[in-house]
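Inspection log for the structure reproduced underneath, given as structure tokens.
Here, each number is a calculation from the coordinates, and none is a lab measurement. Since the model is a prediction, treat every value here as computed from it, not as a measurement. As a convention, Cβ positions derive from the backbone with ideal geometry for all residues, glycine included, and neighbour counts pool all protein chains shown.
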Amino acid sequence: QVQLVESGGGLVQAGGSLRLSCAASGSIFIINAMGWYRQAPGEQRELVAAITSGGSTTYADSVKGRFTISRDNAKNTVYLQMNSLKPEDTDVYYCNAAVRKSWRPTVEDYWGQGTQVTVSA
């Protein structure tokens with residue numbers, strides 16, 4: 001199995017910064033894309049940012065210029081640096097990894113347990 005462990009959430013004032021980390025471990029051959037999603041109660045989970053194994057990135061329009069996603073392939077870890085935080089960034093943030101467990105091309109999606117980010121006005 002594969003486990004994703006997130007850290008770095010918390011409470012911050014508007015305009016502040018937080019850095020989320022997510023480390024993957026277990027039966028990993030290679031990780032394709034890794035990403036961060038967020039979800040408010042009663043709403044759908046939405047993509048915040050994603051990064052491929054080659055370093056190509058994608059961001060939601062709402063976070064462009066404020067958030068930066070990066071990864072350390074040697075450590076199977078993805079990071080999300082969040083700057084200029086706004087109250088509307090308050091959500092539970094989930095890490096996602098698209099994992100290949102062997103040389104076969106089959107890819108499986110795994111999720112972290114979620115970490116709360118709260119931005120006060």
*Hey, got the dipole for the stretch 5-121? About the Cα centre, +1 on K and R Cβ, -1 on D and E Cβ, debye to the nearest 20?*
380
*Over every pair of different alpha-carbon atoms in the chain, take the mean of 1/r and invert it; report that Kirkwood radius in Å.*
14.5
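Which residues make up the longest stretch of the chain that has no chymotrypsin sites (Phe, Trp or Tyr not before Pro) in a DSSP loop with at most 15 other Cβ atoms within 10 Å?
Details: sites that count: F29, W103.
Longest run free of exposed loop sites: 30-102.
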*Can you list the HN-Hα couplings for the stretch 40-50, worked out from phi with the Karplus curve (6.51, -1.76, 1.60; θ = phi - 60°), rounded to whole Hz and with x for Gly and Pro?*
9, x, x, 10, 6, 6, 10, 5, 9, 7, 9
